[in-house]
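The values are calculated or read from the model by the stated rules, or taken from the named source; none is laboratory data. Bear in mind that the values here come from a model prediction, so they are computed numbers and not experimental data. Note that each Cβ is placed from the backbone with ideal geometry, even for glycine, and that neighbours are counted across all protein chains shown. Quick note on the areas: whole protein, heavy atoms, side chains included, nothing else; ligands and nucleic acids left out. Shrake-Rupley method; radii C 1.70, N 1.55, O 1.52, S 1.80 Å.
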Amino acid sequence: MDLVLNVADYYVLTPYVYPASWAEDGALRQIISLLVLTNLGAAVLYLGLGAIAYYFIFDHNLMKHPHFLENQVQREIKYAMTSLPWISIPTVALFFAEVRGYSKLYDNVSDSPLGWAGLFLSMISFLFFTDMCIYWIHRFLHHKRIYKFFHKPHHVWKIPTPFASHAFHPVDGFLQGLPYHIYPFFFPLHKVLYLALYIFVNIWTISIHDGDYRVPSSLESVINGSAHHTDHHLFFDYNYGQYFTLWDRLGGSYRYPSALMGKGPHDLIRKLQAEGKLADDGVKSNGKVNGHTQRGVTCKEE
């Protein structure tokens, strides 16, 4: 994070924001700057990438599904934007430790113990380390004594849109983001690669909520995609993983996506329309609007 902070200091903060007497390496100044940059960056990534996915990838036909809530997109955005500032507080504490040199982040490839090979290996190990950690954190958040306090708000979105990707309770959001931030305190990682992976993580998190259920057939059993994660929202006890299905298989929580078996959200919408129970505008024949419970819809209640 010090790369971002240095650029911000050089081009904006030092010449235009802070008084010349305030040293760039001052702890309070760094904390304030990191809070501003973290919140700004999170909002830009979330709203920018979310909007791209929502307008160009998300199938808006899913909004006709009986479990799609009234004003859901606005509610997702409001919840996320309310939570992000709170999530940023403990996150900035970790960024501050990085900036002060307590992590294993390095500037040059020559600083890597294995050179370019180390750069590649650190990328792979980052994905597997964070996937493992998130699986167990996510599963822990589903424990009956924990779930209702922190993770349940995210499961309000049973048919999520890309904007549901960051719509977490602050504690939930921080805990599921924690593996990304603690990795460089345990393992060497190039600073530029760390930023690239941070952006990738945000893209991936949005992608598993984007309603695009297509998965290359050769990767269906390996990659945890949107089809897998939608079943997690619908059926609750399955597909906790982030990128891969490995830990779900090891932990006995893997579920083959219903959307890939012809039993997914799109199939239900087509069935309801064929039966005359759902009009093209998403209003059910009984006059209720999306978001109210529809009989015959299989969905585990938490």
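For the reader, a short list of remarks on this structure follows.
- Residue that is within 21 Å of the chain's Cα centre (by Cα), modelled with pLDDT of 85 or more, charged (D, E, K, R) and open to solvent by 60 Å² or more (accessible area, probe 1.4 Å), where the choices are ARG255, ARG270: ARG255
- Within the stretch 123-149, the set of residues being without any contact (Cβ under 8 Å) to a residue 40 or more places away in the chain and crowded, with 18+ Cβ neighbours inside 10 Å comprises LEU141 only.
- When the stretch 24-44 is limited to residues that are under 21 Å from SER165 (Cα atoms) and of a type in the set (S, T, N, Q), the one that is most open to solvent (accessible area, probe 1.4 Å) turns out to be ASN39.
- Selection of the stretch 169-187 for residues being open to solvent by 30 Å² or more (accessible area, probe 1.4 Å) and either part of a loop (DSSP other than H, G, I, E, B) or farther than 23 Å from MET81 by Cβ (or both) yields HIS169, ILE182, PHE185, PHE186, PHE187.
- Residue in the stretch 188-247 that is farthest from MET1 (Cα to Cα), counting only those that are open to solvent by 10 Å² or more (accessible area, probe 1.4 Å), among the aromatic types (Phe, Trp, Tyr) and within 12 Å of the chain's Cα centre (by Cα): TRP204
- All positions within the stretch 104-115 that are open to solvent by 20 Å² or more (accessible area, probe 1.4 Å) and touching a Phe, Trp or Tyr at 6+ places or on another chain (Cβ under 7 Å): LYS104, LEU105, VAL109
- Any hit, the stretch 229-245, residues being within 28 Å of LYS148 (Cα to Cα), among the aromatic types (Phe, Trp, Tyr), assigned to a helix (DSSP H, G or I) and at pLDDT 95 or above: no
- ASP248 meets each of the listed conditions (1) part of a loop (DSSP other than H, G, I, E, B); (2) more than 15 Å from LEU127 (Cα to Cα); (3) in contact (Cβ under 8 Å) with a residue 40 or more places away in the chain apart from (1).
- Looking across the stretch 52-86, the residues that are open to solvent by 30 Å² or more (accessible area, probe 1.4 Å), within 29 Å of ALA196 (Cβ to Cβ) and aliphatic (A, V, I, L, M) come down to ILE52, ILE57, ILE77, MET81.
- Matching residues in the stretch 150-168 - criterion: being basic (Lys, Arg) and surrounded by 21 or more Cβ atoms within 10 Å (Cβ to Cβ): LYS158
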